[in-house]
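Reviewing the structure listed below.
The values are calculated or read from the model by the stated rules, or taken from the named source; none is laboratory data. From a predicted model like this one, the values you see are computed outputs, not experimental measurements. All Cβ positions, even for glycine, are placed from backbone atoms using ideal geometry, and neighbour counts span all protein chains on display. Accessible surface areas use protein heavy atoms only, side chains included; no ligands, DNA or RNA. Shrake-Rupley method; radii C 1.70, N 1.55, O 1.52, S 1.80 Å.
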Amino acid sequence: MRTLAVRASKTYDIYIGNRLLDEAGDYLQKIVGGNIAAIVTDDLVDQLYSGIVEESLVNSGYKVVKFVIARGERSKNAENYLRLLDFLSENKLSRSDVVVALGGGVVGDLAGFSASTYLRGVKLVQMPTTLLAAVDASVGGKTAINLKSGKNQAGTFYQPDLVLSDYSTFKTLEQTVFQDGCSEIIKYGMIASAELFSIIKEPLMPQLEEVIYRCLSIKRDIVAEDERDSGQRQLLNFGHTIGHGIEACSNYAVSHGSAVAIGMVLITRAAVKLGYCSDNCLTEISYMVTSFGLPASSPYTSEQLFACAAADKKLRGKKITLVIPEAIGKCVLKEMPLDELQHLIELGIGS
Ligand code: NAD
């Protein structure tokens, strides 16, 4: 087992290990406390892992209540958010009680947003069950729901009290969902660690714990510097502006990880054409993305993509900050007028 401490507006530990869910109750009692644990999960994860977690929590003295959403990105919506707040209220959760987000990034973002706003904040434990949530969404405190106008348009910064990352749960992931997590791992390699980029050329499974640890170490350091996303944290958005555009264009039929993979390749191709990085950078990232079974080209035209990407919340006035690769392991932030995003997307889509 590996552990990591995050020091942001709240200090908390991340535990990364095998079969940690079996001992969830012990961890919660020792670290978080409270009397009621409200498990938030989706219908698929519910069938697979709620039982283990519930049993462990009950054995440790918790009263357990459970809120189940339908699986998938479309559930990260305002209706479920309000339903969940009502559910917490009906079950009389107090500020010392705890919301347990058991699932992928969709559950984590929705449960986190609810925990941060119900009673102006109750305790929150993230139990990621997808690779993507383990290496990214469960840590760092961004919570969100999607609005009709776009992805993650309502949300908060709200750090969890504890993250229990049990990678034994990945054995039941569909291959495409596992691949989505690989997309965020490639992202960490690109923005901060040529060494990580290199080790993931070897088979991932035997080094999963180490890879999760390395990704979260990068995220932990960035979040400690810039919790509220006004500076270096924006590096974590590499590939995401175009990626969010693709998600929105597809009405969330294209998954987050796949969309980010396409976004990373497109922005790197544009960066090569503008002379920011070498052709080798594009070769490497394209190879990596496709070798993990992820898509590397846009199903949409540049006009369609620009229209969707321009609705991204990271717009500041008529300007946008984009993450531009300079080399494997090194990206920089560049603020540019919105029109330039359109040009970059055109360059990125072109062969
Ligand atoms: P997801 O939560 O939709 O999970 C994908 C699918 O996997 C779902 O159908 C789910 O039921 C299933 N699943 C989950 N765990 C399983 C398991 N162990 N075995 C079998 N099936 C399982 O998607 P995701 O890829 O985990 O997360 C994507 C979301 O995360 C997006 O909404 C994205 O915006 C968000 N995100 C947030 C942050 C953040 O910092 N808050 C960072 C990255 C991504």
GNM flexibility winner over the chain from Lys219, Lys334, Lys76 (Cα, springs under 10 Å):
Lys334
How high is the relative contact order of region 33-158, in percent, with contacts defined as C-alpha pairs under 8 Å that are six or more residues apart?
25
Once you've got the Cα coordinates, tell me which of Lys123/Lys151; Lys151/Lys318; Lys10/Lys123 are over 21 Å apart.
Lys123/Lys151
Pop out the carbon and sulfur fraction of the accessible area of region 210-251 as a percent, whole number, probe 1.4 Å.
38
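Using the heavy atoms of the protein chains alone and a 1.4 angstrom probe, what is the accessible area of the chain per residue in square angstrom?
40
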Given an 8 Å cut-off on Cα distances and at least 6 residues of separation, report the relative contact order of the chain as a percent.
15
Excluding Arg19 itself, calculate the net charge of residues whose Cβ lies under 12 Å from the Cβ of Arg19, where each Lys or Arg counts +1 and each Asp or Glu counts -1.
-2
Which residues qualify? For Gly103, with a placed amide H closer than 5 Å and at least 5 residues away or on another chain, they are Met127, Thr129
Under the rule a/c < 1.5 gives rounded, and otherwise a/b versus b/c splits prolate from oblate, where does region 1-120 land using the Cα gyration tensor?
rounded
With 10 Å bins from 0: P(r) over the chain, alpha-carbon pairs, percent
6, 27, 35, 23, 8, 1, 0
Of the heavy-atom accessible surface of region 120-163 (probe 1.4 angstrom), what whole percent is carbon and sulfur?
51
Which aspartates and glutamates have a Cα less than 12 Å from the Cα of Lys187, not counting those fewer than 8 places away in the same chain?
Asp136
Region 93-123 to region 267-294: how many Å between their Cα centroids?
38
Whole Å is fine, so just give me how far the alpha carbon centre of region 172-231 lies from that of region 149-171.
15
Taking the mean number of other Cβ atoms within 10 Å as a proxy for protection, how do you rank 198-206, 26-34, 109-117 from highest to lowest?
109-117, 26-34, 198-206
Within the chain, which cysteines find no other Cys whose Cβ is under 4.7 angstrom from their own?
Cys182, Cys215, Cys331
Positive dipole terminus of region 149-271, leading residue within Ala224, Ser250, Leu164 (C-beta point charges):
Ser250
Quantify, in whole percent, the carbon and sulfur part of the accessible surface of region 13-56 (1.4 Å probe; protein heavy atoms only).
41
